[in-house]
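Where a number appears in this text, it was derived from the coordinates with a stated rule and is not lab data. Here the structure is a predicted model, which is why all the values come from computation and not from measurement. Backbone-built Cβ (ideal geometry, glycine too); neighbour counts: all protein chains shown.
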Amino acid sequence: MLESNARIIFIVNDIKLLEESVIRRFSFSIHFKPFSRAQGIQLWKNLAQNQKIEEALTDAQISELASTYIVSPGVIEQSLRTASRIAASSEGDLYKRVLLSLRAHEGLLHGGHKQVRRNVLDKDFVLEGLHVSGAELDTLIKDLKAFNEYIKNSGDREAAGMSLLFHGVTGSGKSYLGKLLVERDLLLNWQRGDQCFVIDPDLEYHQLAEALGGQVEQYYALESDVPVSGKLGSGEATVWAELLKTTSPDGEVLLRYGKSNGWLDGQPCVVTRRYGRGQITYVGAPLSDSLMAPLAEWLSQASGVQPVFGPVADGVEVNRRVGENSNVFVLINFNKEKQSVALPHPMRSLLDQKEISSIELPQYGVVVLLDQTKR
């Protein structure tokens, strides 16, 4: 940051993990504030209008959604888009479907707990809806323009760079402002041959989709469990479901959704594809135990993973610690009944210094085994 001639924008949600010695090196920093309740309501209305469903939601419903769910504009947009698509292909109340999607999002993100909205005083939006302080943003734009003019007119290719830090809540417009500065030539001199490089984690998903040979077409919360069956057996998808699509002829569908709610009927639930020296598999829903066990076994076999200890009863946990010339295994029985465990070969019990080939573990019993067998 001290020696680079580039102009760099760093975007983070939280600056707590940044060292003070790093923070002080930024030329500018802007804090993006949370939306107030009134701004949240307007955001919902704008996004509903974009999806052409503003008449399907009442003002009271929008007010309730904005007050209850603290989510990013991206989550709001996706919930509205998916709910409108599902409602168009099957009967159902749009508001109820939006609620279902948002509740599922909370369950995945916050363990089922709602975030509590704090009353935030209304403040003016500036620069096309970005919720930042007007003075600091105006100063930034003004200085960037002056700096850009200096670079253009001086021809000094060794001029010092400029590093900017945008931080604040998710969905508050940090990335949008960064792109805006580039588009308005406030960070680049295209005539001089400047280039723009964007490091965006979202682009990773595109590469993963290409490797998988498949993609997510739609996703939504489930009102009830959906049957799933295929090569790995049969069971149910619960809570959440993603409708997948294979895009490569060598992709394989391991499980499909059964007849249920219409939009998922017969569609792929789990897809896999050989990739390089390995295999990539995508699971589109939380699955019941009757499918998770065979799926885990299939994944282990497909990847060539072999157990380092051997078979044990359900409820017996095996933890491994690796040393330079030995392994230590810690076995814990979480069952209500005692369990017998046959060892793959004799090991030394470190709690009583005995050489054993099998062990009986009482309820919550623990054994620590030293394995010095060379592998």
Students often get this wrong, so check it: of Lys45/Lys96; Lys142/Lys174; Lys16/Lys174; Lys96/Lys174, which have C-alpha atoms separated by over 21 Å? Lys96/Lys174
Please tell me the relative contact order of the stretch 213-303 in percent, rounded to the nearest whole number, where contacts are Cα pairs under 8 Å and at least six residues apart. 28 percent
Among 248-258, 317-327, 55-65, what's the highest-first ranking by average C-beta atoms within 10 angstrom per residue? 248-258, 55-65, 317-327
Determine, for each peptide in 222-233, 331-342, 8-19, 301-312, the mean count of other beta carbons within 10 angstrom over its residues, then list the peptides with the highest first. 222-233, 331-342, 8-19, 301-312
Normalised by the number of residues in the stretch 316-371, what is the relative contact order in percent for Cα pairs under 8 Å and 6+ residues apart? 39 percent
